[in-house]
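S.K.: Below is a structure I'd like to ask you about.
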Amino acid sequence: MALPPFTLLQVGTDLMSTVDANKKDYDGLVILFSDKNKLIPLVPGFQPYIDLDKSFGKTLQLVCLQDQAPFSRILIAPVGSLSSDVDDARRFKDTAFEAGKRCLEAGLMAPLVCFTDAPTDLSSLDWTFDGTNDFKHYLEVTILGFLEACYEPIDVRNSRTDIKTFTRLGFVAPSLPEDDLIQKVRAIEEGRRVSKDIGSPDPEQMSPIQIVKYLESIFRNDKNVTMTVVDDIDVIGKEYPLAHAVARASLVGKLKVLWKDMDSPLLFDESLVPRHHPRIVHFEYRSADQARVKENLYFVGKGVTYDTGGTDIKCDGHMRGMSRDKCGAAAVAGFFKTIELLQPKGVNASAALALVRNSVGPDSYVSDEIIVSRNGNRVLVSNTDAEGRMAMTDLLCEFKERALAYSKTPSPASDKPALLFTVATLTGHALRAYGGYGATLDNGMARKLKVSRRIHDAGHLFADPFEVSTLRREDINVVQPGRSSEDVIQGNAKSAMVDRGHQYPAGFMVIASGLDKHGLHDKVPLAYTHLDIAGSAETMTAVGWSLTRVTGSPVVALTGAFLL
């Protein structure tokens, strides 16, 4: 689904004359404002509404003024307060999204968007962490809100021809940034759409093999990002044994007898559902100017295309929505689409997606099993519904190995920090702890490099907010072995309800991947940050009994933190 073209216009002599000069190219006007009295200089015809209706300007409202200037159809879109301690850029994002939806409903396909009191002087609203203006990126956030409003999931696009979208968008701002804002917004939105295309559809339309086919179509002609796929089940079992364990039940087939006339007939294992078989996808990006690289980034994404809970099966309706358990991998893939388009000089980036289905079957992995990880740790399985950390850990170990090897390679960028990440809709505990916010937590080296703080601050400014959580000694201690049979405990029987339920999975992955040997005070420290996006990957509310909307988080926050 192609993005609609959009244009940036700068206010000339005054806002009214600028809007009037460009009205021939648009079919309606959208006004974002905080103070409704600021509407009058632009649309004097609003004065009677304000005088006679005290509620005018409190909600989204389409006003038809017939032949009055500047447009016969004007959508007023209040953003609310901008001066409270708890206000942030989502004032613009949320308003723009709802305004965009309302435009499409009203048949406004080419709206001109303007601001009557844009936040151009907010020196009193400095963000307390780094002194950056809270609303510094209000224009980008507003554009992204309108682009989000006209997005339709890939399954809808493939089955319908009556999709409404904008033919064009115009945005009038008091001043325009010097850098290429349009290119950056387009790259972010293209990445976010890839993320939502993967995360939103049902588990059959985006099974592991279908995700691979989709990604191959997205990155087919790309010269900047290299994509490779591991589809050999034996290789996956050898290289990524924990992910293979999660996928075991999806591999079960039936025995087909060949050459029945033989005394000892040959039996062939014919898989019943090959589309559910696991896939490991790798992405690689290298800066065109290695001398300018400041960081080497490694991302692991959880792509559980459906999570039944395994033999610790989800019951009482908790299996609902588990087609979205692939949103971590979806976000990483989307982020790499943004990388492809921006071609940042300051980073090298690698990614791995663990695409597995946590099915139930005669060969399901079960609690009390001990499975040896890629790093050689004996993992005691405690809960098959804690499959996400299993799926990602061996990939995290692989990136640990690669980061260590690269640090010894003669290269202008090999001595730059290696930042490792896991991105996952991992725990119900994160949702309980932070509601609709993603959680990010660092090991010692990442904390020293302020990785979580960068994600937090970028998310705050670009309306993709995160909360900073903390990895503590309890999160390491609780997964320590209690017998000589194991080296690390996978989890707790009820991880969503246990104390520190979203922190200790990071402790598990640190140990099971071998990152515990590369802490802040070890010989070769490696930075590791875990992002639990169980709260931010989807909206918190749905319409009726429907599923919630997939957001594409944290593509925007990651872009702001590491690419811009």
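FYI, it's all coordinate maths here, none of it is from the lab. Here the structure is a predicted model, which is why all the values come from computation and not from measurement. Quick reminder, even Gly has a Cβ in these numbers, built from the backbone with ideal geometry, and neighbours come from all protein chains shown.
S.K.: Under 28 Å Cα to Cα from K416, which lysines show up? Leave out anything in the same chain fewer than 8 places away.
M.R.: K184, K223, K294, K302, K337, K345, K400, K408, K448, K450, K517, K523
S.K.: As an exercise, use a Förster radius of 45 Å and the Cβ-Cβ distance of Q183 and M497 to find the FRET efficiency, rounded to the nearest 0.05. Walk me through the numbers on the way to the answer.
M.R.: Working: r = 46 Å, r/R0 = 1.01.
After rounding, the FRET efficiency stands at 0.50.
S.K.: When the chain is fully extended, how far beyond the present Cα-Cα distance does T120 get from K223, taking 0.36 nm per residue of separation?
M.R.: On the way: separation 103, 0.36 × 103 = 37.08 nm, distance 3.93 nm.
Gain on stretching T120 to K223: 33.1 nm.
S.K.: Which residues does a label at E401 reach in segment 407-422, if reach means a backbone N under 17 Å from a point 7 Å past the Cα toward the Cβ?
M.R.: Answer for this model: 407-409.
S.K.: Related question: Mind ranking 418-430, 153-165, 20-32 by how tightly packed they are, going by the mean number of other C-beta atoms within 10 angstrom, highest first?
M.R.: Order by mean packing, descending: 418-430, 20-32, 153-165.
S.K.: Under 5 Å between amide hydrogens, which residues at least 5 positions from S359 or on another chain qualify, with H placed 1.01 Å from N in the peptide plane?
M.R.: Here the answer is A249, S250, since their amide H atoms fall under 5 Å of that of S359.
S.K.: Quick one: 3J(HN,Hα) in Hz for segment 3-19, Karplus 6.51/-1.76/1.60 with θ = phi - 60°, rounded, Gly and Pro as x.
M.R.: Here the 3J(HN,Hα) series is 6, x, x, 9, 10, 9, 10, 9, 4, x, 4, 7, 5, 4, 5, 5, 4 Hz.
S.K.: Sticking with this one: Say each of R378 and D35 gets a label point 7 Å from the Cα, pointing the same way as Cα to Cβ; how far apart are those two points in nm?
M.R.: Inter-label distance under the simple model: 7.1 nm.
S.K.: Per-residue ellipticity at 222 nm for the chain, helices alone: DSSP H runs ≥ 4 residues times -39500 (n - 2.57), over residue total, nearest 500 deg cm²/dmol?
M.R.: Helices in the chain give a 222 nm mean residue ellipticity of -9000 deg cm²/dmol.
S.K.: Shifting gears a bit: Mind listing the long-range amide H neighbours of V113? Cut-off is under 5 Å, sequence gap 5 or more, other chains count too, H placed in the peptide plane at 1.01 Å from N.
M.R.: V30, G170, F171, V172
S.K.: Here is a further query. Please state the Cα pair-distance histogram of segment 75-203 with 10 angstrom bins from zero: what percent is in each bin?
M.R.: 11, 38, 34, 14, 3
S.K.: Right, another one. With r defined as the distance between the Cβ atoms of V252 and C315 and R0 fixed at 30 Å, what FRET efficiency is calculated, to the nearest 0.05?
M.R.: Plugging the Cβ-Cβ distance into 1/(1 + (r/R0)^6) gives 0.85.
S.K.: Once you keep just the Cα pairs under 8 angstrom separated by 6 or more residues, what percentage relative contact order results for the chain?
M.R.: Once normalised by length, the contact order is 14 percent.
S.K.: Distances longer than 17 Å among the Cα atoms of segment 303-415: what percent of all pairs is that?
M.R.: 65
S.K.: So what J values fall out for segment 283-295 if you push phi through Karplus, 6.51 cos²θ - 1.76 cosθ + 1.60 with θ = phi - 60°, rounded to Hz, Gly and Pro as x?
M.R.: The phi angles translate into 10, 9, 10, 10, 4, 6, 10, 5, 5, 9, 5, 10, 8 Hz.
S.K.: Report the extension gain between D232 and R275 in nm, rounded to one decimal, defined as 0.36 nm multiplied by the number of residues separating them, less their alpha carbon distance.
M.R.: So the chain would gain 14.1 nm between D232 and R275.
S.K.: Could you put K54, K184 in order, starting from the residue whose Cβ has the fewest other Cβ atoms within 10 Å?
M.R.: Ranked by crowding around the Cβ, least crowded first: K54, K184.
S.K.: A further question follows. Taking 0.36 nm per residue of separation and subtracting the Cα-Cα distance, what length does fully extending Q290 through K54 add?
M.R.: 79.0 nm
S.K.: Take the Cβ-Cβ distance between K408 and D363 as r, set R0 to 51 Å, and report the resulting FRET efficiency rounded to the nearest 0.05.
M.R.: Here the calculated transfer efficiency is 0.80.
S.K.: Compute the Rg/Rh shape ratio of segment 203-248: radius of gyration over Kirkwood radius, all on alpha-carbon atoms.
M.R.: Working: Rg = 12.7 Å, Rh = 12.1 Å.
Rg divided by Rh gives 1.05.
S.K.: Based on the alpha-carbon gyration tensor of segment 416-511 and its eigenvalue square roots a ≥ b ≥ c, which shape applies: rounded if a/c is under 1.5, prolate if not and a/b is larger than b/c, or oblate?
M.R.: Cα axes put segment 416-511 in the oblate bin.
S.K.: With a sphere of radius 12 Å drawn around the Cβ of A330, what net charge do the other residues whose Cβ falls strictly inside it have (Lys, Arg +1; Asp, Glu -1)?
M.R.: +4
S.K.: Return the long-range amide H neighbours of V488 (sequence gap of 5 or more, or a different chain), with a cut-off of under 5 Å between placed amide H atoms.
M.R.: Amide H neighbours of V488, under 5 Å, 5+ apart: R378, L380.
S.K.: Please say if segment 208-562 is rounded, prolate or oblate, where rounded means a/c under 1.5 for a ≥ b ≥ c the square roots of the C-alpha gyration tensor eigenvalues, and otherwise the choice is prolate for a/b larger than b/c and oblate otherwise?
M.R.: Rounded, because the longest to shortest axis ratio a/c is under 1.5.
S.K.: Further, regarding this structure: Please list, in order along segment 304-312, the HN-Hα scalar couplings obtained from phi with the Karplus expression 6.51 cos²θ - 1.76 cosθ + 1.60 (θ = phi - 60°), rounded to whole Hz, x for Gly and Pro.
M.R.: Once θ is set to phi - 60°, the couplings for segment 304-312 become 7, 6, 7, 10, 6, x, x, 5, 8 Hz.
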